[in-house]
Amino acid sequence: MTRMFSRQNYRAIFHAFVAVTALLLYASVAKAQSYEQLYSDYRGSLYQIRLIEHSSNSKAGLGSGFQISKDGLIATNYHVVSEAVHDADKYVLKYLSVDGKEGELELLDVDVVNDLAILRQKGTPGPDFLQLASQAPSKGETIVSMGNPLDLGMTIVPGTYNGIAGGSFYDRIHFSGSINPGMSGGPVINRNGQVVGINVATAGNQISFLVPVDKLVALLQDYKKDAGENNGALELQPIISRQLHQNQQRIIDQILDAKWQLRPLGDAMVVGEIVPSIQCWGNTSDDEDELIKQVAKGCTGQDVVFLSETFDTGRVEYEFFWLESEDDFLSSRFYAAYEENMSGFFPGNSAGEDDVTDFNCKQQFTTHPRNGQAQSGDNAEKRENGADATDEEAQTPPKANGSREPVIARTSYCVRRYKDYPELYDVFYVSLTVDHDNRALVSHFTLSGFTQESATAFTQKFASEVQWH
């Protein structure tokens, strides 16, 4: 039996609908008012940071910043002020307040690894400043980004705190909100007006990234300790050098302490994802007209340390290419074709002639033992039948297409030195096997901004980890 609604039922439903709609509307208005109140309360702490080119007295770059102390300290991103670090004679830094007040800035300290800088207003400081939060927001909590996008004026962007993003050597908060150019260096605050993060980058589609505020707290503490009572600007090059050294040591320790996972590629087992901060991809050529079939596997760290528009560092990447042709393909043609394909290798990081020396390369033929553990022939048959192989049989190197001979490769090891940081280098390694007429493995890696000791330790482990069937 179907139950029918009475007029009283419809009236009750209608009133309930009106009540819910009114509640939602009130919540929406209240939220809009709360955002408006946040902006009204803290707008006096916000600034546009301007990079001014001396000769033309014109803007050469823009970003955002915020005051963090009553004596006029201002925080922003390092990349907003990086050109003034590298060419202090060419550029000057200035600020513009929300109310139109202008003035010059003094660059005090930087953290290039976490993309932060501390500046100070010259002259009378602004009256307002933001407090730095002592704890992170709860996951899913609404936080508000502030900044000056595209030089359009100060803007607020509400979004969601999603915790520290994975897959990077560098801590970044995943923020569900749109950070646009010009907002870099602006604050992200909670409902209490406390800074929980600093705008730093965006991936589009409501995916943005923030520097956690504890990195700024640490930089502020370091500055006060290093500056002492003088409270003046620090000499930045030794500070940056120390930060780069510590960063590369932290990364190489993570990599060398990890258990390296191997993955099959052609006749070899090659290195896969060593740590979660390094992500791998793969691709296979499927063009039937190509004379050489290529299977590629590449792995790279997802972020780098920005030093200037032409110079970045802190990169780890490695890749492998398995190349194979038909048996009747002439050896000379195979190697001519595969060397042509491989001639496009280049370092994974950017660097200009003012930043680094030319590469110094050493080439040699190297031998690599067949050190896989797969069994073949009688040993494999014993295992299939459930019999145990003897210790001597288990240690026998496997056959690779009928050969037990070591693999022969032509290996290039190239280094270039950082001019301003002479104990740091970019290392570029390529190894090409040359012991077969129709198949080969190409191994490559780039390390940028590592010491010779770190690079040597990585190279030895990288070369020894590859195993051959």
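Of the residues Ser431, Ser464, which is open to solvent by less than 30 Å² (accessible area, probe 1.4 Å) and of a type outside the set (A, V, I, L, M, F, W, C)?
Answer to the check: Ser431.
Inspect all residues belonging to the range 40-49 and state whether any of them is surrounded by 12 or more Cβ atoms within 10 Å (Cβ to Cβ), modelled with pLDDT under 95, under 30 Å from Arg120 (Cβ atoms) and in contact with a Pro (Cβ under 7 Å, 6 or more places away or on another chain).
yes
Which condition number does Pro264 fail, the rest of (1) at pLDDT 95 or above; (2) in a strand (DSSP E or B) being met?
(1)
Restricting to the range 184-201, and then to whatever is at pLDDT 95 or above and farther than 19 Å from Ser40 by Cβ, can you tell me which residue is surrounded by the most Cβ atoms within 10 Å (Cβ to Cβ)?
Within the range 184-201, the match that is surrounded by the most Cβ atoms within 10 Å (Cβ to Cβ) is Gly185.
Taking the range 66-121, which residues are within 15 Å of Gly232 (Cβ to Cβ), open to solvent by less than 20 Å² (accessible area, probe 1.4 Å) and of a type in the set (A, V, I, L, M, F, W, C)?
Leu73, Leu105, Leu108, Val110, Ile118, Leu119
Any residue at all in the range 442-461 that's in contact with a helix residue (DSSP H, G or I) (Cβ under 7 Å, 6 or more places away or on another chain), modelled with pLDDT under 90, of a type outside the set (Asp, Glu) and open to solvent by 10 Å² or more (accessible area, probe 1.4 Å)?
No, there is no match, as no residue in the range 442-461 is in contact with a helix residue (DSSP H, G or I) (Cβ under 7 Å, 6 or more places away or on another chain), modelled with pLDDT under 90, of a type outside the set (Asp, Glu) and open to solvent by 10 Å² or more (accessible area, probe 1.4 Å).
Considering only the range 153-172, state which residues are under 24 Å from Gln248 (Cβ atoms), of a type outside the set (Ser, Thr, Tyr) and in contact with a Ser or Thr (Cβ under 9 Å, 6 or more places away or on another chain).
Gly166, Gly167, Phe169
How many residues, within the range 68-90, are of a type in the set (Gly, Ala, Ser), touching a residue at least 60 places away in the same chain (Cβ under 8 Å) and in a helix (DSSP H, G or I)? Steps first, please.
Taking the range 68-90 as the starting set, the residues that turn out to be of a type in the set (Gly, Ala, Ser) are 69, 72, 75, 82, 84, 88.
Still in the list and also touching a residue at least 60 places away in the same chain (Cβ under 8 Å): 69, 75, 82.
The next check asks that each one be in a helix (DSSP H, G or I); those that pass are 82.
Result for the range 68-90: 1.
Restricting attention to the range 255-277, which residues are out of contact with any strand residue (DSSP E or B) (no Cβ under 8 Å at 6 or more places or on another chain) and open to solvent by less than 70 Å² (accessible area, probe 1.4 Å)?
Leu256, Ala258, Val275, listed by residue number.
Taking Thr160 as the residue in question, decide whether it is in contact with a Pro (Cβ under 7 Å, 6 or more places away or on another chain) and either hydroxyl-bearing (Ser, Thr, Tyr) or at negative phi (or both).
Against the criterion (in contact with a Pro (Cβ under 7 Å, 6 or more places away or on another chain) and either hydroxyl-bearing (Ser, Thr, Tyr) or at negative phi (or both)), Thr160 does not qualify.
Please verify whether Leu256 is on the phi < 0 side of the Ramachandran plot, part of a helix (DSSP H, G or I) and in contact (Cβ under 8 Å) with a residue 40 or more places away in the chain, treating the condition exactly as stated.
Numbers: on the phi < 0 side of the Ramachandran plot: yes; part of a helix (DSSP H, G or I): yes; in contact (Cβ under 8 Å) with a residue 40 or more places away in the chain: yes.
So Leu256 passes the test.
Quick one: in the range 205-214, of everything that is of a type outside the set (Val, Ile, Thr) and over 16 Å from the mean Cα position of the chain (by Cα), which residue is modelled with the lowest pLDDT?
Here the answer is Asn205.
Just give me the residues in the range 232-242 being open to solvent by 40 Å² or more (accessible area, probe 1.4 Å) and either in contact (Cβ under 8 Å) with a residue 40 or more places away in the chain or part of a helix (DSSP H, G or I) (or both), in sequence order.
Ala233, Gln237, Pro238, Arg242
With the condition being open to solvent by 70 Å² or more (accessible area, probe 1.4 Å) and at pLDDT 90 or above, I'd like the strands (runs of 3 or more DSSP E) fully within the range 282-389 carrying at least 2 qualifying residues.
In the range 282-389, the matching strands (runs of 3 or more DSSP E) lie at 360-368.
Spot the failing condition for Gln246; the list is (1) under 24 Å from the mean Cα position of the chain (by Cα); (2) open to solvent by less than 30 Å² (accessible area, probe 1.4 Å), and only one is missed.
(2)
Could you run through the range 175-214 and say how many residues are part of a loop (DSSP other than H, G, I, E, B) and of a type outside the set (D, E, K, R)?
15
Residues of the range 130-153 being of a type outside the set (Ser, Thr, Tyr) and surrounded by 19 or more Cβ atoms within 10 Å (Cβ to Cβ), which ones?
Of everything in the range 130-153, those that are of a type outside the set (Ser, Thr, Tyr) and surrounded by 19 or more Cβ atoms within 10 Å (Cβ to Cβ) turn out to be Leu130, Ala133, Pro137, Ile143, Val144, Met146, Gly147, Asn148, Pro149.
Checking the conditions here, which among Val217, Val213 is over 20 Å from Val316 (Cβ atoms), in contact with a Leu (Cβ under 8 Å, 6 or more places away or on another chain) and surrounded by fewer than 16 Cβ atoms within 10 Å (Cβ to Cβ)?
Criteria check complete, one pass: Val217.
The values are calculated or read from the model by the stated rules, or taken from the named source; none is laboratory data. Just so you know, these numbers come straight off a predicted model, no measurement behind them. With ideal geometry, Cβ positions are generated from the backbone for all residues, glycine too; neighbour counts draw on all protein chains shown. These area figures cover heavy atoms from the full protein model, side chains too; ligands, DNA and RNA do not enter into them. Shrake-Rupley method; radii C 1.70, N 1.55, O 1.52, S 1.80 Å.
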